[in-house]
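The values are calculated or read from the model by the stated rules, or taken from the named source; none is laboratory data. All of these numbers come straight from a predicted model, not from anything done at the bench. Positions of Cβ are generated from backbone atoms using ideal geometry, with glycine treated the same way; all protein chains shown enter the neighbour counts.
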């Protein structure tokens, strides 16, 4: 299924033909013939020719995914869309080339079966008549879905490698910390709005409850604690007291909580229930579920490694494109000027394609 490609990535802008006479306009049955769409090379990245057929397919997919309103397609909007499609094609073509020459990038038979399903669903949704107007046949659609499977496999490997590279540093930052897992119930001492956010005054400070309301909240907190000490479920009690929205499980490392909570839990053993703790947010009762949660620490380190990988992926992709030299590669305006993006979007809208 893979194409034979050289490892060195070189970029050549193809000699374009003038398409104004080839693209016949949106009012005709056919905008561009299949042969013309296949033969017209928009740009060449290494030995992969990006054809007008492929360009139209990416353009249609972009407009569909973004539900582009034809009424919004001004000259400026068209230029924005063409730029986005061109950049997407550059990146995905470079990624596909890299996927083809990179070891350990594996595409399974199950993946390819998924590509077949995606192809059939796409072709059925848009229809042969609509796609045919832009020279797009089913083979072109399948190539797109197969290509995406290789790109997905490359991305998966890249993220895995990036996570492995970032993990030692994160382990160094967090490895020596002691993590706690606590369940807490909070009786608010400040006002909340309907969306669950604290109400604030003109200075941005949370608005405290009145003295009578504070006294009532403290009374409830003490009552809640006594019932919890007697063996009632804290999770069920928060529902009864109507404070479920302000209560829950908290995982963090020792010393990371508000000062009042840090002091209250520093010597707690597993299963211990704290005194009522007066915090800036309200009156809290905490239960120590795990005072040395190694499992959560490992989970957090893995999570932060993966998040770091996600954050670095775009930089890596930019590096791929820079190394390939596609940054300065542009599509001939004679090709893109002749594409009626507004008409394509209008037809998709008229056909209820999105």
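The table below lists the values:
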| item | result |
| --- | --- |
| Test: residue in segment 82-96 that is in contact (Cβ under 8 Å) with a residue 60 or more places away in the chain, more than 23 Å from the chain's Cα centre (by Cα) and either under 16 Å from residue 144 (Cβ atoms) or part of a loop (DSSP other than H, G, I, E, B) (or both) | no |
| From the options 221, 230, 245, 215, residue that is touching a strand residue (DSSP E or B) at 6+ places or on another chain (Cβ under 7 Å) and either within 15 Å of residue 284 (Cβ to Cβ) or in the same structural domain as residue 283 (by TED's automatic domain parsing) (or both) | 221 |
| Residue match in segment 255-267 (condition: assigned to a helix (DSSP H, G or I), in contact with a strand residue (DSSP E or B) (Cβ under 7 Å, 6 or more places away or on another chain) and over 23 Å from residue 220 (Cα atoms)) | no |
| Segment 315-354, residues that are part of a loop (DSSP other than H, G, I, E, B) and either free of Cβ contacts under 8 Å to residues at least 40 places away in the same chain or within 30 Å of residue 162 (Cα to Cα) (or both) | 325, 329, 352 |
| Test: residue 224 is surrounded by 15 or more Cβ atoms within 10 Å (Cβ to Cβ) and not in a helix (DSSP H, G or I) | no |
| Where residue 150 falls short, out of the listed (1) assigned to a helix (DSSP H, G or I); (2) in contact with a strand residue (DSSP E or B) (Cβ under 6 Å, 6 or more places away or on another chain) | (2) |
| Selection from segment 101-139 of residues that are out of contact with any helix residue (DSSP H, G or I) (no Cβ under 8 Å at 6 or more places or on another chain) and at positive phi | 127 |
